Structures are given as C-alpha cells and as structure tokens.
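This report refers to the structure that appears directly beneath it.
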Amino acid sequence: MSVIKRMKPVFAELDGGLFSAAQKADVGDVARKMEEQGVAMMSWADPFKPDPSTPPEVIEEALKVIQSGTSSHYFMPIGSDELRKLIAQRIERKCGLKLDPGRNLIINPGSDNGLLFAMFPWIEPGDEVLIHDPSYPNNTLNVKILGGIPVAVSTYAEDGWHLRIEEYEKRVTTKTKMVVLTNPNNPTGTSFTREELQALADLCIRHDLICIVDQAFEDTVYPEYEMVNMAQIPGMWERTVTVCSVSKGMGLSGFRVGWTYCDDVIMDKYFASAVSIQGAASTMAQLAVMPAFRDDSFIEEYRRKYAVRRQYAYDLFNSVPGVSMDMPEAGFYAWINISRLGSSQEIVQYLIEEAKINCNAGNFFGAQGEGWLRLIYACFWEDQDAFAAMDRMAEALRRLAEKKEITG
Ligand SMILES: Cc1ncc(COP(=O)(O)O)c(C=O)c1O
C-alpha cells in the first residue's frame, strides 16, 4: 500500500470499495454482492433500470450506424456537428435560448465527465467553490480533485431545500471563485425558482464568480413548477457554464452522451483542451441518440410514469409512523425523512436486510442530508414493480417504527 503515500492526498483518501466494507451504491464488491443476492438497486438514478426502455427509433438508428461501418471512426472531440445542431434547436424550443451550435456547444461523454471538464479551466489550488448541501456529491469531489476547496452552503428541510442567499453571502471570501448549482437538485427534487436564481445571480455578479450549472435533470420538472435556466438570467450568460445529458430525462444513460453550453469566449478554451480532458464521446452513441432529439415526445410517457409513482411514494411513506416526505418538484426520486427511526446509514443497512431494497443514505449528498434517504422510484419499467418494491420498503419501516414504539 506504500505507493498510495505518493498519491495526491485527495486520491489517497478515496475508497473504491475494494479494501473495505464501504457501502457504495455503484462500485466495488459490496454493490456486486447486493446485486447477486437479488437486492433491488433503487439507488441508481437511472430511469427504468434494470428493465429495457430504449425508444425503438434509437435502437433502429444504433443498428443502422453500426451496420454502415461509419461509427468505427472518430467525430471531432467537440462532437458531431449534426448533433450539436439538433441540441441547439431543442434548447431553443424548450426555453427560447438561441445558441450557435458551432460556437456555444460541445458534446461530452456524459455529464459526469462534462461537469469535471467544465470546472477544469477555473479551479486553482486553494480556490473556494460554493456548493449547496445536500446536492450531487460528485460535484464536491470534482472540486477536491482539481485542488479546490468545496464550501458547503446549507439548505434546509423547512424551506423545501430552496436556497437561502444569506447562507451563500456569509461564506464568500476573497478566495471564492465559483458557485456550483445542481438544478433541479438531486437528491431533494427541488426546482429553483426565478427569484432565488436571480438572487444567486446578483451574488455571482457582485463577487465576480463563475457559475457551473448541473442541469442533468432539466427534463424532469413536474408541471406545477418552472425550470429556470441560470444562463438566461440577465448578466449571467458570460459567467455561466451549463452541463446536461441524455441520461435522466431521456433515460439513455448507457449511451454516455452529454453536452455543455456557454459563451464562445469560454467555449474556445473547452474546444482547445477537449482531447486532453475528455477525448471524445462515442461516434455510435452520438449518431444513435439523434432521433431522440428530432422527436422527444417519448419523454411524455416517462413523465406520466414518474408523476404516478411520485404520488404513490408520497401517500405511502407519509402513512408510515415516524417517516415523512415532501412532494418532489422535479426528478424521479423520493427524499424521505427517516430521522426518527435512525441514522441514514443504519436505515439503509436495515432496508437491505429486511426489504431487499438498496437506497441511498442522505448524508452521502452532504451533512444536511443526515436523517434522510433517497429512493429512486423510476426503477423498473412496470409501475406495479416499483409499487411492490416501495410497499416492501414501507412495510419494513413500519415494523421498525412499531419496534421503536413510534406512532404518528
Ligand atoms: C445531478 C446529476 N448530475 C450529473 C449526473 C451524471 O449523469 P451522466 O454522466 O449520466 O450524464 C448525475 C448522475 O446521477 C446526477 O445525478
């Protein structure tokens, strides 16, 4: 193990689950064992996993491009011209933002890669980055990997996990360089309002901060709420980098296609460094997802399924003594308060053993998430399968509440 000492401290301290019993949802021996034992992995933010759900047009296109032989060659590292055009058209249809696909857009191999790449040119050792807590943990790790210092900005259950600008303001120092915003938020399912984004934009402009927006869940906002693009708030275009992908809204995570958009002054630097940092996205995948951009109406069926499951989860978990959840504003996951029953880790472990369900411990998403669980209700294609898994989980929680003599 001595070579580990030669690593950067941030890597030396990481734990991939090979040498510990770390409870990780997606890597290492523990996750593999759970899958082998038939535990339902409702911890992957991946719609309908493990069931097949690819739109037929995407399957047909994938087969066609493989058979044509063209997909064994590279596109430019910045991605296919045609795909960038289709993405720009869809963005304009969705929110009215007009992008030049040749100057404002780059294709990434998924948004996880896109987010690290987006941060790369900015973060120097010691730079502080404000990240709302709880939120997507990879964004915090990315900052550390790049030598920056993530600064958690607390959000609170009583605010529906919306932002308190004073929490940002009091953490700004001369070293603050960036704000990372996951909108809509994973794990809380919060879709940030125009007013709070305006307040955050004012703060970014006042302190000359860069804003990286993780918009992986932009297609999952429920109809009662609005999806507001930070890049469209006046004064933000020139300091905002937005990262999205086909993984969540389109349910095409396995294709590994994402995109980033921003001002061309910034994009020029991403174009210049694309080969070094991301290589290129798969040619086959970029070609195969094009039909999903030409006609994205299949998403409507997904949204209907999420809405039904959201209501089911809400009614079910709020009926369990000691357990509660708010109605999600976006996403396809329930964010469940189990703090009266135990710690997040204890309850995750208990549910693996008692209900054969693996969900995520809330503290994985930040300290503010302690006492909460995230459950992906979009798992399984059939609604009945998702309901059955949720029933099993609620029943186990009910038994635990009874044992602990928790009522109401
Ligand atoms: C908030 C958020 N952003 C980004 C990603 C990365 O997704 P992908 O790399 O598949 O685009 C995820 C995946 O879970 C996520 O939850």
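Values as computed for the structure displayed
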item	result
Verdict on M34 being closer than 30 Å to C359 by Cα and within 16 Å of the ligand (Cβ to nearest atom)	no
Answer from T190, T140 - the residue that is assigned to a helix (DSSP H, G or I), in contact (Cβ under 8 Å) with a residue 40 or more places away in the chain and within 13 Å of the ligand (Cβ to nearest atom)	T140
Residue, most open to solvent (accessible area, probe 1.4 Å), within region 119-137, restricted to residues that are within 15 Å of the ligand (Cβ to nearest atom) and outside any strand (DSSP E or B)	Y136
Flag if I59 is more than 30 Å from W335 (Cα to Cα) and more than 16 Å from the ligand (Cβ to nearest atom)	yes
Members of region 214-266 that are under 22 Å from P137 (Cβ atoms), of a type in the set (A, V, I, L, M) and part of a helix (DSSP H, G or I)	M230
Candidates E92, E82, filtered to the one that is assigned to a helix (DSSP H, G or I), within 30 Å of F293 (Cα to Cα) and either open to solvent by less than 40 Å² (accessible area, probe 1.4 Å) or touching a residue at least 40 places away in the same chain (Cβ under 8 Å) (or both)	E82
Candidate set from region 231-282 (those that are basic (K, R) and within 15 Å of the ligand (Cβ to nearest atom)); member that is most open to solvent (accessible area, probe 1.4 Å)	R256
Residue count for region 31-76, restricted to those that are part of a loop (DSSP other than H, G, I, E, B), more than 27 Å from Q345 (Cα to Cα) and within 27 Å of the chain's Cα centre (by Cα)	7
Contacts under 6 angstrom Cβ, first residue in region 374-400 being more than 22 Å from T190 (Cα to Cα) and touching a residue at least 40 places away in the same chain (Cβ under 8 Å), partner among the charged types (D, E, K, R) and open to solvent by 10 Å² or more (accessible area, probe 1.4 Å), 6 or more apart	F380/D51; W381/D51; A396/E354
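Per-residue answers, yes or no, for (1) closer than 30 Å to S154 by Cα; (2) in contact with a Cys (Cβ under 9 Å, 6 or more places away or on another chain); (3) open to solvent by less than 40 Å² (accessible area, probe 1.4 Å):
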residue	(1), (2), (3)
E346	yes, no, no
A355	no, no, yes
L373	yes, yes, yes
E402	no, no, no
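The values are calculated or read from the model by the stated rules, or taken from the named source; none is laboratory data. Quick caveat: nothing in here was measured; it's all calculated off a predicted structure. All Cβ positions, even for glycine, are placed from backbone atoms using ideal geometry, and neighbour counts span all protein chains on display. For the accessible areas, the whole protein counts, side chains as well, though only heavy atoms, and no ligand, DNA or RNA atoms are used. Shrake-Rupley method; radii C 1.70, N 1.55, O 1.52, S 1.80 Å.
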